[in-house]
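A.B. asks: Take a look at this one; I'll ask things after.
The values are calculated or read from the model by the stated rules, or taken from the named source; none is laboratory data. Given the structure is predicted, the values throughout are model-derived calculations rather than measurements. Glycine also receives a Cβ, built like all others from the backbone with ideal geometry; neighbour counts cover every protein chain displayed.
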Amino acid sequence: MLKITASAAHSYSVLFYLVDGYSMMALSSAIEPLRAVNRLTGSERYSWATAGERRGNIMASNGIEIPAQFGLSDMVDADLTVVVASIFDPDFQSPKMFAWLRRLRAEGRMIGAISNGTVLLARAGVLGNRRVTTHWEMIRDLQASHPNLTVTSDIYSWDRGVLTAAGGAAAMDMMLAVIMELDGEDLAFDVAEQFLHGPIRPGSHLQRHDISWRFRVTDPRLLTAIRLMKNHIAAPERISGIAEQAGISERQLERLFLAEIGKHPSEFYIDLRLRTARGMLIGSTEPLEAIAEACGFSSLGHFSRAFKARFGDSPSVVRRHRSARFGGFVQENDGRT
């Protein structure tokens, strides 16, 4: 982590650069802790502004518009500049924006990104070989396109003057870390309590919940079996092998799955692989053949038939119809549908 300082003579300024389709939840999660500090201290300890490619309203992924106070033609400098992006064209390029980001880094200014804003920082060439994070749906894509980066599943990362957060509520944890660095633990804890946040999570906290919470199971043998399935999506294990590694018979494993999840192990396993594939179809740019292989299907035809039987549409239809109108990305359910 790079130490940061702010003079008591002026507020610490944060500029949020909004990309069309940004997440309003992520933006609010980042701004509200700053507002809370000012309220608690009775002073303008932090200031913030919004910017975009142009001045004027910029639409979030939920359809609500927020005005950008500055555009690239009349940009202001800030102590910290954060790119907020969620849903954007996979081929998005903005030479003027990228040049601006490179200037900020050349001047040694702190920059950051929330959710898929990290992808845009990478395209701008300002990340070097840093440790970064992005929303879990885009981790594979970002790592594949920028192998020099260490792309983690952490909720946020802070590496040599660059802050990146996975999105959503993680943006609040990132800003609480900034507040803690500038103003101390006590004030950061006070801010967290204002938002009923609970304990402040460290950056290394993983984005996705532990499977015991996700699937509402506690039996250690069943948890072992599910972990094995999740860790072997691309090269599926035989159910008999999973049962052996879990320390029980195949018949016992089947009884556990039926009793606690309501599915046979093989049904749960194929559903897990298909839901992983659905997330990749909607949240990544990988070709169908690569997704089929990554989810353990021997052929695209086999994958397409299984996917259509589960979701009612073929993979190509889902990929073609994914729309920013509904936020562009999906979250998996708990496996009980």
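A.B. asks: Given the condition out of contact with any helix residue (DSSP H, G or I) (no Cβ under 8 Å at 6 or more places or on another chain) and either at pLDDT 95 or above or under 24 Å from I200 (Cα atoms) (or both), answer yes or no: does some residue in segment 79-86 qualify?
C.D. replies: Yes, segment 79-86 contains a residue that is out of contact with any helix residue (DSSP H, G or I) (no Cβ under 8 Å at 6 or more places or on another chain) and either at pLDDT 95 or above or under 24 Å from I200 (Cα atoms) (or both).
A.B. asks: Turning to a different aspect of this structure: Identify, please: which residue in segment 309-337 is loosely packed, with under 15 Cβ neighbours inside 10 Å and not in a loop (DSSP other than H, G, I, E, B) and is, among those, modelled with the highest pLDDT?
C.D. replies: A309
A.B. asks: Which of (1) in contact with a helix residue (DSSP H, G or I) (Cβ under 9 Å, 6 or more places away or on another chain); (2) within 23 Å of Y156 (Cα to Cα); (3) among the charged types (D, E, K, R); (4) surrounded by fewer than 16 Cβ atoms within 10 Å (Cβ to Cβ) does E44 not meet, given it meets every other one?
C.D. replies: Checking E44 against (1) in contact with a helix residue (DSSP H, G or I) (Cβ under 9 Å, 6 or more places away or on another chain); (2) within 23 Å of Y156 (Cα to Cα); (3) among the charged types (D, E, K, R); (4) surrounded by fewer than 16 Cβ atoms within 10 Å (Cβ to Cβ), the one that fails is (2).
A.B. asks: Residues to consider are R39, R102, R55; find the one that is in contact with a Pro (Cβ under 9 Å, 6 or more places away or on another chain) and either within 19 Å of S145 (Cβ to Cβ) or among the basic types (K, R) (or both).
C.D. replies: R55
A.B. asks: Does D77 fit the bill of being over 26 Å from G168 (Cβ atoms), assigned to a loop (DSSP other than H, G, I, E, B) and not aliphatic (A, V, I, L, M)?
C.D. replies: The answer is yes for D77.
A.B. asks: Could you please let me know if R275 is of a type outside the set (S, T, N, Q) and either farther than 30 Å from S86 by Cβ or modelled with pLDDT of 95 or more (or both)?
C.D. replies: On the way: of a type outside the set (S, T, N, Q): yes; either farther than 30 Å from S86 by Cβ or modelled with pLDDT of 95 or more (or both): no.
Taking the combined requirement at face value, the residue does not satisfy it.
A.B. asks: Name, by its number, the condition in (1) at pLDDT 95 or above; (2) over 20 Å from the mean Cα position of the chain (by Cα); (3) not in a strand (DSSP E or B) that does not hold for S29.
C.D. replies: (2)
A.B. asks: Condition first: out of contact with any Lys or Arg (no Cβ under 9 Å at 6 or more places or on another chain), without any contact (Cβ under 8 Å) to a residue 40 or more places away in the chain and β-branched (V, I, T). Now tell me which residues in segment 92-132 satisfy that.
C.D. replies: V119, V132
Each row is one residue, and each column tells you yes or no for (1) under 23 Å from the mean Cα position of the chain (by Cα); (2) on the phi < 0 side of the Ramachandran plot; (3) of a type in the set (K, R).
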| residue | (1), (2), (3) |
| --- | --- |
| L163 | yes, yes, no |
| G168 | yes, no, no |
| M174 | yes, yes, no |
| L187 | no, yes, no |
| Q194 | no, yes, no |
| D219 | no, yes, no |
| L228 | no, yes, no |
| P236 | no, yes, no |
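A.B. asks: Given (1) farther than 30 Å from A166 by Cα; (2) surrounded by fewer than 14 Cβ atoms within 10 Å (Cβ to Cβ); (3) in contact (Cβ under 8 Å) with a residue 12 or more places away in the chain, identify the lone condition not met by G241.
C.D. replies: Condition not satisfied by G241: (3).
A.B. asks: Something else about it: Is it the case, given these coordinates, that T224 is at pLDDT below 95 and more than 22 Å from M138 (Cβ to Cβ)? Walk me through how you get there before you give the answer.
C.D. replies: On the way: at pLDDT below 95: yes; more than 22 Å from M138 (Cβ to Cβ): yes.
Against the criterion (at pLDDT below 95 and more than 22 Å from M138 (Cβ to Cβ)), T224 qualifies.
A.B. asks: State all residues of segment 283-293 that are closer than 18 Å to S145 by Cα and touching a helix residue (DSSP H, G or I) at 6+ places or on another chain (Cβ under 8 Å); if no residue qualifies, say none.
C.D. replies: G283, S284, T285, E286, L288, E289, I291
A.B. asks: Shifting gears a bit: Scan segment 52-87 for residues that are surrounded by 20 or more Cβ atoms within 10 Å (Cβ to Cβ) and of a type in the set (D, E, K, R) and jot them down.
C.D. replies: D79
A.B. asks: Among the residues of segment 53-93, write down those that are closer than 20 Å to V162 by Cα and among the polar types (S, T, N, Q).
C.D. replies: Selection gives T81, S86.
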